[in-house]
1. Here's a check for you: in the stretch 66-88, which residue that is outside any strand (DSSP E or B) and either basic (Lys, Arg) or within 15 Å of the chain's Cα centre (by Cα) (or both) is farthest from PHE158 (Cα to Cα)?
2. Quick check on the stretch 1-46: of everything there that is of a type in the set (Ser, Thr, Tyr) and modelled with pLDDT under 85, which residue is surrounded by the most Cβ atoms within 10 Å (Cβ to Cβ)?
3. Within the stretch 110-118, is there a residue that is closer than 22 Å to SER143 by Cβ and modelled with pLDDT under 95?
4. For the stretch 121-140, which residues satisfy the criterion of being within 16 Å of the chain's Cα centre (by Cα), crowded, with 18+ Cβ neighbours inside 10 Å and farther than 19 Å from GLU76 by Cα?
5. What residue, among those in the stretch 141-167 that are touching a Lys or Arg at 6+ places or on another chain (Cβ under 9 Å) and part of a loop (DSSP other than H, G, I, E, B), is most open to solvent (accessible area, probe 1.4 Å)?
6. Please go through the stretch 109-120 and pick out each residue that is surrounded by 17 or more Cβ atoms within 10 Å (Cβ to Cβ), of a type outside the set (Asp, Glu) and not in a loop (DSSP other than H, G, I, E, B).
7. It is to be established whether one or more residues within the stretch 73-95 are within 19 Å of ALA111 (Cα to Cα) and among the charged types (D, E, K, R).
8. Here is a list: THR138, THR87. Which entry is closer than 25 Å to TYR33 by Cα and without any contact (Cβ under 8 Å) to a residue 60 or more places away in the chain?
Amino acid sequence: MSDTARPAFRRRMLMLIASHALVLLVGFAAGIYALPILIAPDGPSARQVAQAAAGSTYSGEFRRDLKDSDALHWGEGTVTVSPRQITFTGRLAPGPDYKLYLSPEFVETEADFKRLKATMLRVGDVKTFDNFIVALPTGTDPSRYSSVIVWCETFDQFISAARYRDPA
């Protein structure tokens, strides 16, 4: 190879490596986003959620317009809380490793969640993105809390929150 051909060859090799690395990175990110959607079980029907929510003590709304909600991290719909379970009719942005928390204070930012996490009760996993029913741990008193929060543990990401009662 001549001395004049080497820089062009190197440039082509660098472009080839960079383009393949970019495609690999985009594919990996798409896989992280798509995998939870592909493996998520079907959520309960609206009728099943309505039956489970009958007689609930409290209700609130997940909204898309919270401070740390964005195009990839949001919830929208009605949440109800009873002494036995939390139900949700609506949609959540898909993602991995969602956890449901009860909080004594309403939060709408990652910073507030992290600050108050020690005072919260981790209720359980959210495995569906359209409607859910999550049982409360035995002995839980929902009146000790005021809000329901969906949080992504893997990426420390705020998803949504709903205030279901005013704090005392």
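The values are calculated or read from the model by the stated rules, or taken from the named source; none is laboratory data. None of the values given here were measured: they were computed from a predicted structure. Positions of Cβ are generated from backbone atoms using ideal geometry, with glycine treated the same way; all protein chains shown enter the neighbour counts. The area values use the complete protein model at the heavy-atom level, side chains included, leaving out ligands, DNA and RNA. Shrake-Rupley method; radii C 1.70, N 1.55, O 1.52, S 1.80 Å.
1. Step one: of the stretch 66-88, the residues outside any strand (DSSP E or B) are 66-69, 71-72, 74, 82-84.
Now narrow it down to the ones that are either basic (Lys, Arg) or within 15 Å of the chain's Cα centre (by Cα) (or both): 66-69, 71-72, 74, 84.
Values: LEU66: 10, LYS67: 10, ASP68: 6, SER69: 7, ALA71: 12, LEU72: 10, TRP74: 8, ARG84: 25 Å.
So the residue we want is ARG84.
2. Of the residues in the stretch 1-46, the ones of a type in the set (Ser, Thr, Tyr) are 2, 4, 19, 33, 45.
Checking which are modelled with pLDDT under 85 leaves us with 2, 4, 33.
Working: SER2: 5, THR4: 7, TYR33: 14.
Among those that are of a type in the set (Ser, Thr, Tyr) and modelled with pLDDT under 85, it is TYR33.
3. The initial filter retains those residues of the stretch 110-118 that are closer than 22 Å to SER143 by Cβ, namely 112-113, 116-118.
Within this subset, residues satisfying the condition of being modelled with pLDDT under 95 are none.
No - not one qualifying residue is present in the stretch 110-118.
4. The answer is VAL123, and nothing else.
5. Here is the first cut: in the stretch 141-167, the ones touching a Lys or Arg at 6+ places or on another chain (Cβ under 9 Å) are 142-143, 145-153, 156, 158, 160-162.
Pick out the ones that are also part of a loop (DSSP other than H, G, I, E, B) and you get 145-146, 153, 156.
On the way: TYR145: 21, SER146: 1, GLU153: 40, ASP156: 66 Å².
Per the stated criteria, the residue is ASP156.
6. PHE113, LEU116 - these are the residues of the stretch 109-120 that are surrounded by 17 or more Cβ atoms within 10 Å (Cβ to Cβ), of a type outside the set (Asp, Glu) and not in a loop (DSSP other than H, G, I, E, B).
7. Applying the first criterion (within 19 Å of ALA111 (Cα to Cα)) to the stretch 73-95 yields 73-75.
In the following step, the residues that additionally are among the charged types (D, E, K, R) were identified as none.
Within the stretch 73-95, none of the residues are within 19 Å of ALA111 (Cα to Cα) and among the charged types (D, E, K, R).
8. On the way: THR138 fails: closer than 25 Å to TYR33 by Cα.
Checking each option against the conditions leaves just THR87.
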